[in-house]
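Notes follow once the structure below has been shown.
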Amino acid sequence: SEINFLGRISHPNLVKLLGYCTDGDEFLLVYEFMPRGSLESHLFKRNPNIESLSWNTRLKIAIDAARGLAFLHSSEKQIIYRDFKASNILLDENYNAKISDFGLAKFGPSGEDSHVTTRIMGTYGYAAPEYIATGHLYVKSDVYGFGVVLLEMLTGLQALDRKRATEKQNLVEWIKPSLSDKRKLKGNIVDYRLDGQYSLKAAFETAQLILNCLESDPKKRPSMEDVLETLEGINAIKDRRKISKNHCTKSATM
């Protein structure tokens, strides 16, 4: 499956398949080396030597991953990734993000069909509810998974954690009802390691994007092109803050 997809497509935000070989019953794939490891390892500190990601870096990673998914969805024959999660987002030396592991990818619907029907696979906590319930896989099923990962990046918490209290084990079920509350957003939801690194406006717009991605009806979710555009707008808020601060500094010295 991975050779089938990665052998025919190429994009800066998809991991490169360099080659493959067989050894008896073993089938070996060779990918480009991604020295920073996975987004998962940085968010959830799998290694104590790995540094925490800043707000700006998390936003950059989200934009990179959105570009990768948008490319898959807009290719001549749409590709549904089907297993979007933090462990499948790999980082190079400069924290450029690339989507990896196309083992579960499927070609999207053809003609007037809205979905493909397939055996339910993927990772619980990230898989879209319509897919889990019916086996119907939509292009926008990937958008749901993206929303879950974006929520992980905002909170610094895993999508599913059996160590948390029962009512908090599923991150989406726990946090989603509070995402529209600005007071809770800044005080209880955003990863405490990000304190002082973001504006409330940027955090709130990120939370609203997450809510849109997590819509229960796939038709109501934005396309990945729309998600990308929104993220770039949030990134511009950061840039405007820099410009504003520089202007204030110059004005104070005049």
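Any read-out appearing in this document is the output of simple, stated calculations on the displayed coordinates, not a laboratory observation. In this text the structure is predicted, and so the values were computed from the model without any measurement. Note that each Cβ is placed from the backbone with ideal geometry, even for glycine, and that neighbours are counted across all protein chains shown.
Taken over segment 96-221, the percentage of Cα pairs per 5 Å bin, counting from 0 up to the bin with the maximum distance, is 2, 10, 19, 21, 18, 14, 9, 5, 2, 0. The coefficient of translational diffusion for segment 1-140, derived via Stokes-Einstein from the alpha carbon Kirkwood radius under 10 °C and 1.306 mPa s, stands at 98 µm²/s. Helix 141-155 axis versus longest C-alpha principal axis of the chain: approximately 40°, rounded to the nearest ten. Rounded to the nearest 500, the 222 nm mean residue ellipticity of the chain from helices alone is -12500 deg cm²/dmol, with -39,500 (n - 2.57) taken per DSSP H run of at least 4 residues.
To the nearest 10 degrees, how steeply does helix 224-253 sit against the main Cα axis of the chain, on a 0 to 90 scale? Tilt relative to the chain: about 20 degrees. Taking springs between alpha-carbon atoms closer than 10 angstrom, which of Asn49, Asn170, Asn13 fluctuates most in the Gaussian network model of the chain? Among Asn49, Asn170, Asn13, the largest GNM mean-square fluctuation belongs to Asn49.
Segment 112-177 and segment 72-90 have their alpha-carbon centroids 14 Å apart.
Taking N as the number of residues in the chain, what is its Cα Rg relative to 2.2 N^0.38 Å? List each step's numbers first, then the result.
On the way: Rg = 19.1 Å, N = 254, 2.2 N^0.38 = 18.0 Å.
Taking N as the residue count of the chain, the ratio is 1.06.
Put a plus charge on the Cβ of each Lys and Arg, a minus charge on the Cβ of each Asp and Glu, and nothing anywhere else: the dipole of the chain about its Cα centre is then about 1240 debye. How far is helix 200-213 tilted, in degrees, relative to the longest principal axis of the Cα atoms in the chain, given as a value from 0 to 90 rounded to the nearest 10? Result, in degrees: 20. In this structure, the residue pairs whose Cα-Cα separation is over 28 Å, taken from Lys45/Lys98; Lys106/Lys186; Lys168/Lys201; Lys186/Lys219; Lys85/Lys220; Lys77/Lys176, are Lys106/Lys186; Lys186/Lys219; Lys77/Lys176. Three principal axis extents of segment 162-235 based on alpha-carbon atoms, in descending order, are 36, 33, 19 Å.
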